[in-house]
Amino acid sequence: MLKHFWQGSYNNYGFEAYGQEHLIVLYILAILIMLMVFFRNKITPKADKLIKVISSSITIVCELLFHVWNYINDENFLGNLFYFDLCSITLILSVVFNSKNELNKTQKQHIFELIYFWSIGAIAALAFPALVYGANKFRFYHFFIIHSYIILTMCYGLIVERYKISFKSFLYALKTLIFVAVLVAFIDKVFDQNYMYLSHAPETASPLDDFGEGLEYYFNFGILTGGIFFLFYFPCGIVNFIKSKASPDIVESDVNLNA
């Protein structure tokens, strides 16, 4: 049974988007976020540290096992060994964000700004899973644990730790992503990879399927990313605007969405 769980073959064990297994994962994620909202003022520093240590440890172990699984099952081991996907980069940022207490306030703020906007990759992954393995396979649990960890880190920082998001945050995350995307696109071209789905749409169904090819694909992808980033900023901007009108002394960059 364990051997079957660890194997890469997915014949007759395919994943069904929005099937029972997928929905259970989404329900669990929603419950965890609701618990954050409910207990946001009751989490002690000790509990905060425990939550971060446990969640990060599970994620790191799961990610290390994924590389072992890749090697054993010959699932693009070398390609997955390098962290050039948006979710992979955001995963590293999330682990650093949850682990590095020696980071100063400004550094953690900048890291959170990237996690907040770049978590769209993890959200898209859960909404349109590029997955073929069902719940009786290791890869299923790795996929959902990793992406859920990113989303929960973003929500925890926003809801519990109350980090700030301003228009400057939006611009910072967008311009940083453009810089990273240019480098990754070059790597994709040289090594014939598809990191960040910059070369073409994923093999499984996604909104990128109708984006065309070449320059048309890049243009549509860029418009979609910028639009989603702005949608992520929009509720923060509304709150910032309302509070700035209510108190002229409060500038946008100092306003907390959850204050």
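Residue count for segment 193-232 satisfying the condition of being in a helix (DSSP H, G or I) and within 22 Å of residue 175 (Cα to Cα): 23. For segment 182-199, the criterion of being within 13 Å of residue 229 (Cβ to Cβ) and within 17 Å of the chain's Cα centre (by Cα) is met by none of the residues. A single member of 157, 134 is in contact with a strand residue (DSSP E or B) (Cβ under 7 Å, 6 or more places away or on another chain) and either of a type in the set (Gly, Ala, Ser) or more than 21 Å from residue 70 (Cβ to Cβ) (or both), and it is 134. The number of residues in segment 164-179 that are more than 17 Å from the chain's Cα centre (by Cα), buried (at least 19 other Cβ atoms within 10 Å of the Cβ) and aromatic (Phe, Trp, Tyr) comes to 0. Pairing residues of segment 78-107 that are at pLDDT 90 or above with residues that are outside any loop (DSSP other than H, G, I, E, B) and of a type in the set (D, E, K, R), at Cβ distances under 8 Å and at least 6 apart in sequence or on separate chains, gives 91/63; 97/108; 98/52; 99/52.
Would you confirm whether or not segment 172-183 contains a residue that is over 30 Å from residue 16 (Cα atoms), assigned to a loop (DSSP other than H, G, I, E, B) and modelled with pLDDT of 90 or more? No, there is no match, as no residue in segment 172-183 is over 30 Å from residue 16 (Cα atoms), assigned to a loop (DSSP other than H, G, I, E, B) and modelled with pLDDT of 90 or more. When residue 164 is tested against (1) closer than 30 Å to residue 35 by Cβ; (2) part of a helix (DSSP H, G or I), only condition (2) is not met. Residue pairs whose Cβ atoms lie under 9 Å apart, sitting 6 or more positions apart in sequence or on different chains, and linking a residue in segment 129-141 that is under 18 Å from residue 18 (Cβ atoms) to a partner that is among the acidic types (Asp, Glu), are 130/203; 132/203; 134/16; 134/21; 135/21; 140/21.
The values are calculated or read from the model by the stated rules, or taken from the named source; none is laboratory data. All values derive from a computational prediction rather than experimental measurement. Using ideal geometry, Cβ is built from the backbone for each residue, glycine included, and neighbour counts are taken over all protein chains shown.
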